[in-house]
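Student: What follows is a structure written as structure tokens; I'll ask about it next.
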Amino acid sequence: MKIKGKIILAAAAVLAAGCAPEDLKEANFDLFQAEGIKVIAGDGSATVTWTKQEGKTDPAEYIVRWTPDSEELEGGSANAGPDTFEYTVDDLVNDCQYTFGVQASYEKGLAMEITATATPKSTRIAAKDFRAIAGDKVAVLTWTAPDTDLEYSCEITIEADGEQARSVKVESDETRYVAEGLTNGTEYTFSLTCVYSHGNSGTVTATATPGDIQAIITDKTALRQFELGTFEYNQAYFIKDEVREVKWDFGDGMTSDETVASHLWSKTGPYTVTVTVTYADGSTQSADITVSVEAFGWSKTSGLGYQKASNVVFSHDGQTFYMGSPTAPTGLFAISAITGEIIWSCPVSANVYGEGPAVGSDGTIYFAAEDNDGTIHAITPEGKLKWSKTLGKKIQASPAVTSDGTLYVLANEGIFKAFDAVSGAEKWSADVDGTAGGIAVDADGTVYVGTNPGIWAFSEDGTMKWKAGKEYAVSERGGSLAIYDGVLYATLKSKGGCVALKTSDGTELWQYQSQAGDCYHPVVDTEGTVYFCEKNGNVYAVRKDGTVKWSTSDKSGYTYSGFALGADGKAYISEYGGGKDIVSFDASGNKETVNAIDAQTMSPVVIGPDGRLYYGTNPEINAFEIGTSLAKGGWPMRGCNLQGTNSLK
């Protein structure tokens, strides 16, 4: 007969963790052990079940033991009759793993012990995100309800020095409470406990000091151009009824309906920020503050090494930009786009040349260094190492990362790998050939790889779709591929210029050869015109049909330079030789000096989200306002976009 339920202990001894009764003999392997042990964890308890071997002799009893995975806690044991196959252990510690054992005891001795583990968990779940917002003689309490299907209520306790504590009961369908009748200038402690039929949850607390308050909560009212400000309506100010809708007007024609809104201004001046709330009864209430927007706070940041072949990329909110350095100090830098200050640096022992960086959809920054191990690094926005992987050979191409979380990395000797961008787990790999040139991902997920000497296309699962029918010596170090409207563009070495291939099958559409040497960093406008530079030579604009739109012949030496296409229709680039200027070319190829810098640059320029042009010299990053944004559509800069993802997906 099987008996369910708890067993009244008969001659049970509660034992210290890890100990066994001294009078028990060692297990006899000839005796019939229990089998089929299972443990179901409860709240501060666990139920152990087992069976005996069918057709075998019943034992005199079963011994049940439990041992915690902590030296600070005690375990125990109990005796169960020969026809009992279930036992519930109470008074266990939640979130501690226990090992449960069942051993059949015969007159001749003990059979082998069978074991299983379980971790009790509390079902008395507490509320989360408990917050107290101070008002005038009031405080608004908000929280997130516990994730449970059990019935409960909330008990809120209000305490302050010199005032008698009081408590109030709130039903489970409420996540907001207005504590009224408070004294301004007094700090109050608010505690919230979820009350269940089988006990109380843990208590969460928050503090607030009532007093004269502002209707709008903001981190600052004096901002720089393009500096994000955060604005929140004060729930302790708007207390007439439940707020159903929030509307912000930032005074520059822009609005938001977010509860907590972020905004930036492109021009200087005072702005009035107005919030209007709509209550459940349809009535409205408004309030405003004045924000002062000042001019950009910097134009030059030093101590960063010499940026070469790669370019700066931006965080998704545009408040931070990242750059790599191949000269001392080598590594990755994060710099505030608002103040120009270095936020953090991630030093490495090898050059960071043309190998990144690229910013993923979650803000993670990926970059490589030209160490012999071929290491790719994933860095959090806070500057902490998330993970790193080695490919075995130098990485001389910028990585590519897609919005759905795949990171592609290309190393020398044809090592090509796809990683899960979040965890760093390898998804697949492929063998190509030659020195790493570039990676580009199409909107459908097709990934293209260029090396010296070839170009390949792979599907998202690693299946090779095609290999170009002839050899192409794709330039090394970075952004040598670009995609637009079914055409893959690749810049080549040794006067190879630029080649255009059909993305569908790799068929060559045309090749436009250059005059002097290696070519770098193709960018493409929405008409399919590709712009690229020639090391120690000229720059070219070639139409989608392969005919030249315009080119230079002054050999200004655009070494490792690269264009950024502006929304104003101009193409911006830096000169290495000649006048050593930042220049622009209009649609007809007319050249204009944008900024005379009298310094060598060896990296592509970038038009930032703030309408400024960024470029690197030795050892500085410079930014100056050009009054236009990055062109939309096409492949308008090295890396494709402001995050440098090398991906249309």
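Student: Does the range 348-367 include one or more residues that are assigned to a strand (DSSP E or B) and over 18 Å from the mean Cα position of the chain (by Cα)?
Tutor: No, that holds for no residue.
Student: Which members of the range 164-213 meet the condition of being under 34 Å from the mean Cα position of the chain (by Cα), part of a strand (DSSP E or B), under 19 Å from THR148 (Cβ atoms) and free of Cβ contacts under 8 Å to residues at least 40 places away in the same chain?
Tutor: none
Student: Whether any residue in the range 81-88 is of a type outside the set (Lys, Arg), outside any strand (DSSP E or B) and surrounded by 20 or more Cβ atoms within 10 Å (Cβ to Cβ) is what I want to check.
Tutor: Yes; the residues of the range 81-88 include at least one that is of a type outside the set (Lys, Arg), outside any strand (DSSP E or B) and surrounded by 20 or more Cβ atoms within 10 Å (Cβ to Cβ).
Student: Within the range 368-388, which residues are over 16 Å from the mean Cα position of the chain (by Cα) and either surrounded by fewer than 18 Cβ atoms within 10 Å (Cβ to Cβ) or part of a loop (DSSP other than H, G, I, E, B) (or both)?
Tutor: Correct list: ALA369, GLU370, ASP371, ASN372, ASP373, GLY374.
Student: Do we find that ALA165 is under 23 Å from VAL246 (Cβ atoms), touching a Ser or Thr at 6+ places or on another chain (Cβ under 9 Å) and either surrounded by 16 or more Cβ atoms within 10 Å (Cβ to Cβ) or not acidic (Asp, Glu) (or both) in this structure?
Tutor: So ALA165 does not fit the description; no.
Student: For the range 122-145, name all the residues that are in a loop (DSSP other than H, G, I, E, B) and under 30 Å from the mean Cα position of the chain (by Cα).
Tutor: Once the filter is applied, which keeps residues that are in a loop (DSSP other than H, G, I, E, B) and under 30 Å from the mean Cα position of the chain (by Cα), the range 122-145 yields ILE125, ALA126, ALA127, ALA145.
Student: OK, next. Which residue is surrounded by the fewest Cβ atoms within 10 Å (Cβ to Cβ), if the candidates are limited to the range 262-308 and must be acidic (Asp, Glu) and farther than 22 Å from ILE338 by Cβ?
Tutor: ASP281
Student: Test SER553 against the criterion of being polar (S, T, N, Q) and either under 23 Å from VAL359 (Cα atoms) or buried (at least 18 other Cβ atoms within 10 Å of the Cβ) (or both), and give yes or no.
Tutor: It is false that SER553 is polar (S, T, N, Q) and either under 23 Å from VAL359 (Cα atoms) or buried (at least 18 other Cβ atoms within 10 Å of the Cβ) (or both).
Student: Further question on the same structure: Against the condition in a loop (DSSP other than H, G, I, E, B), more than 14 Å from GLU620 (Cβ to Cβ) and not aliphatic (A, V, I, L, M), how does ASP317 come out, does it pass?
Tutor: yes
Student: Condition test on VAL594, is it under 22 Å from LYS549 (Cβ atoms), buried (at least 19 other Cβ atoms within 10 Å of the Cβ) and of a type in the set (A, V, I, L, M, F, W, C)?
Tutor: Judged against the criteria, VAL594 is not a match.
Student: Then there is this: Quickly run through the range 436-445 and pick out the residues that are surrounded by fewer than 24 Cβ atoms within 10 Å (Cβ to Cβ) and closer than 12 Å to ASN646 by Cα.
Tutor: Residues satisfying the conditions are ASP442, ALA443, GLY445.
Student: Tell me which of these THR463 doesn't satisfy, since it passes every other one: (1) at pLDDT 95 or above; (2) within 22 Å of TYR520 (Cα to Cα); (3) of a type in the set (Val, Ile, Thr).
Tutor: (2)
Student: Also: Considering only residues that are farther than 30 Å from TRP248 by Cα and β-branched (Val, Ile, Thr), look in the range 299-332 and name the one that is modelled with the lowest pLDDT.
Tutor: THR327
Student: Tell me, please, whether a residue that is of a type outside the set (Ser, Thr, Tyr), within 18 Å of PRO604 (Cα to Cα) and out of contact with any His (no Cβ under 6 Å at 6 or more places or on another chain) can be found in the range 274-295.
Tutor: Scanning the range 274-295, I find no residue that is of a type outside the set (Ser, Thr, Tyr), within 18 Å of PRO604 (Cα to Cα) and out of contact with any His (no Cβ under 6 Å at 6 or more places or on another chain), so the answer is no.
Student: Here's something else I'd like to know. Would you be able to say whether some residue in the range 435-450 is modelled with pLDDT of 95 or more, hydroxyl-bearing (Ser, Thr, Tyr) and more than 24 Å from the chain's Cα centre (by Cα)?
Tutor: Looking for residues that are modelled with pLDDT of 95 or more, hydroxyl-bearing (Ser, Thr, Tyr) and more than 24 Å from the chain's Cα centre (by Cα), one finds at least one in the range 435-450, hence yes.
Student: Something else about it: Please list, ordered by residue number, the strands (runs of 3 or more DSSP E) wholly in the range 590-649 having 1 or more residues that are polar (S, T, N, Q) and either in contact with a Leu (Cβ under 9 Å, 6 or more places away or on another chain) or not assigned by TED's automatic domain parsing to the domain that holds GLU341 (or both).
Tutor: Qualifying strands (runs of 3 or more DSSP E): 591-596, 621-625.
Student: Based on what the data block shows, is ALA596 closer than 24 Å to LEU642 by Cα and of a type in the set (A, V, I, L, M, F, W, C)?
Tutor: Here the answer is no, as ALA596 does not meet what is asked.
Student: Any residue in the range 108-133 that's farther than 13 Å from THR144 by Cα: show its pairings with residues that are of a type in the set (Phe, Trp, Tyr) and assigned to a loop (DSSP other than H, G, I, E, B) at Cβ separation under 9 Å, as long as the two are six or more apart or on different chains.
Tutor: So the pair list comes out as ALA111/PHE29; ALA111/PHE32; MET112/PHE29; ILE133/TYR237.
Student: Another question, if that's okay. Hey, can you tell me all the residues within the range 251-283 that are within 26 Å of ARG612 (Cβ to Cβ) and either touching a residue at least 60 places away in the same chain (Cβ under 8 Å) or outside any strand (DSSP E or B) (or both)?
Tutor: Of everything in the range 251-283, those that are within 26 Å of ARG612 (Cβ to Cβ) and either touching a residue at least 60 places away in the same chain (Cβ under 8 Å) or outside any strand (DSSP E or B) (or both) turn out to be GLY251, ASP252, GLY253, MET254, LEU264, TRP265, SER266, LYS267, THR268.
Student: So which residues in the range 527-561 are among the hydroxyl-bearing types (Ser, Thr, Tyr) and closer than 18 Å to LEU481 by Cβ?
Tutor: Answer for the range 527-561, where residues must be among the hydroxyl-bearing types (Ser, Thr, Tyr) and closer than 18 Å to LEU481 by Cβ: THR529, TYR531, TYR540, TYR560, SER561.
Student: Check off (1) on the phi < 0 side of the Ramachandran plot; (2) part of a loop (DSSP other than H, G, I, E, B); (3) surrounded by fewer than 17 Cβ atoms within 10 Å (Cβ to Cβ); (4) charged (D, E, K, R) for LYS465 and give me the number that stays unchecked.
Tutor: Against the list (1) on the phi < 0 side of the Ramachandran plot; (2) part of a loop (DSSP other than H, G, I, E, B); (3) surrounded by fewer than 17 Cβ atoms within 10 Å (Cβ to Cβ); (4) charged (D, E, K, R), LYS465 comes up short only on (2).
Student: Filter the range 518-537 down to the residues that are buried (at least 18 other Cβ atoms within 10 Å of the Cβ) and outside any strand (DSSP E or B), then identify the one that is nearest to the chain's Cα centre (by Cα).
Tutor: Residue satisfying both the conditions and the ranking: ASP525.
Student: Do you know which of the residues in the range 284-298 that are at pLDDT 95 or above and in a loop (DSSP other than H, G, I, E, B) is farthest from GLY324 (Cα to Cα)?
Tutor: Looking at residues that are at pLDDT 95 or above and in a loop (DSSP other than H, G, I, E, B), I get ALA295.
Student: So, one more: Kindly check whether there is at least one residue in the range 99-111 that is within 18 Å of ILE40 (Cβ to Cβ), assigned to a loop (DSSP other than H, G, I, E, B) and modelled with pLDDT of 95 or more.
Tutor: No.
Student: Pick out the one residue from TYR448, TYR472 that is part of a loop (DSSP other than H, G, I, E, B), more than 16 Å from MET637 (Cα to Cα) and of a type in the set (Phe, Trp, Tyr).
Tutor: None of the others qualify; the one that does is TYR472.
Student: Tell me yes or no: at least one residue of the range 420-435 is crowded, with 21+ Cβ neighbours inside 10 Å and under 30 Å from THR380 (Cα atoms).
Tutor: yes
The values are calculated or read from the model by the stated rules, or taken from the named source; none is laboratory data. No experiment lies behind these values; they were computed from the predicted model shown. Every residue, glycine among them, receives a Cβ derived from its backbone with ideal geometry; neighbour counts consider all protein chains shown.
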